[in-house]
Amino acid sequence: MGGISTSSRFSEIGEESVNVTSIDAIKQGELKEEVVTFIKMDIEGAELEALKGAKQTITRDKPDLAICIYHKDEDIVEIPKYILELNPRYELFLRHYDVTAYETILYAVMPRIEPYELSDIKWKILTRILEAPDEVMKAFTDIENPVIYGMGNLTAILVKEMKNRNIYPLCIIDRFKKSGCYEGIPVYNIAETESFQNENISVILTPVNDISEVYRSLDEYSICGKIIPIWEILGDAELSDKLKYINRL
């Protein structure tokens with residue numbers, strides 16, 4: 001190991017030596033029965049070699065990864081390339097945390113859900129509303145100034161059941177639909193609507209995935225208020241926990 005303090009790095013011509021082993025070797029030993037869910041590395045330029053020493057573990061357990069990629073110029077290319085060679089389903093995110101060239105982290109995250117599972121969850125929510133509309137709608141009576149975000153099947157059912165009970169959302173907001181009207185309710189494309197400065201509104205989210213993108217859209221267009229994902233209204237703790245995990249909330 002060569003260098004001093006923050007300039008230290010793994011090197012073949014260093015003056016210090018350290019004992020190392022691979023993650024795969026550890027996994028095959030004392031952690032043989034454990035599932036590895038997260039690996040993070042800040043090891044002064046040895047990250048790629050360490051990833052190669054974790055090949056079996058990453059391939060088998062598919063852990064999320066947080067890997068420093070600023071120690072060597074080539075790491076910003078070679079490390080993402082190697083991770084995708086191990087599993088092309090990893091989603092990659094890059095974050096920089098310092099005003100200097102240091103502290104650049106690559107996050108490799110496995111998708112939390114398969115497409116067919118997402119369809120099952122949407123169907124479960126839809127079925128719950130259709131089978132117990134009075135119970136679900138009862139929760140809406142305590143929601144102040146409701147605004148629905150998203151224009152899909154869930155919104156269509158919600159609007160129908162709300163109107164049956166004389167509960168009217170202020171409007172519907174959507175990223176993809178054109179502004180207009182649905183069942184007498186104003187519909188706004190989020191890029192065309194004026195900002196809601198009234199913090200008393202409650203934004204009910206009908207999408208069940210990519211919620212972080214929804215939050216970013218609301219923030220970009222200065223839409224204020226209380227944010228309520230639809231699954232939190234249903235009172236199903238297991239479903240709520242699963243969707244929070246899927247959306248990394």
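Data overview
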read-out	value
Residues of type lysines that Lys178 reaches as a straight line, Cα spacing below 21 Å, ignoring anything fewer than 8 places off in the same chain	Lys160
Solvent-accessible ranking of Thr206, Thr59, largest area first, probe 1.4 Å	Thr59, Thr206
Ellipticity estimate at 222 nm from DSSP helix runs (n ≥ 4, -39,500 (n - 2.57)) divided over the chain, nearest 500	-10500 deg cm²/dmol
Leu84, Leu249, ranked by accessible area, largest first (probe 1.4 Å)	Leu249, Leu84
Rh (Kirkwood; distinct C-alpha pairs) - the chain, Å	21.6
Separation of alpha-carbon centers, region 124-161 and region 64-122, rounded to whole Å	36
Rounded to 5, percent antiparallel among DSSP beta bridges of region 34-135	70
Where the chain is the region considered: accessible area per residue in Å², 1.4 Å probe	60
Sparse-neighbour loop sites [GluC sites (Glu not before Pro); region 52-103; at most 16 other C-beta within 10 Å; DSSP]	Glu74, Glu103
Degrees between helix 211-220 axis and first principal axis of the chain (Cα, 0 to 90, nearest 10)	70
Efficiency of FRET from Cβ geometry, Asn19 and Leu118, R₀ 41 Å, rounded to 0.05	0.35
Of all DSSP beta bridges in region 145-195, antiparallel share, percent nearest 5	40
Accessible surface ranking that places the most exposed of Ser202, Ser17 first, with a 1.4 angstrom probe	Ser17, Ser202
Antiparallel bridges, percent of DSSP beta bridges restricted to region 148-249 (to nearest 5)	20
Cα long-axis angle, helix 75-86 against the chain (0 to 90 degrees, to the nearest 10)	70
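The values are calculated or read from the model by the stated rules, or taken from the named source; none is laboratory data. Remember, it's a predicted structure, so these values are computed and weren't measured experimentally. Every residue, glycine as well, gets a Cβ built from its backbone with ideal geometry; the counts of neighbours run over all protein chains shown. With ligands, DNA and RNA removed, areas are computed over all heavy atoms of the protein, side chains included. Shrake-Rupley method; radii C 1.70, N 1.55, O 1.52, S 1.80 Å.
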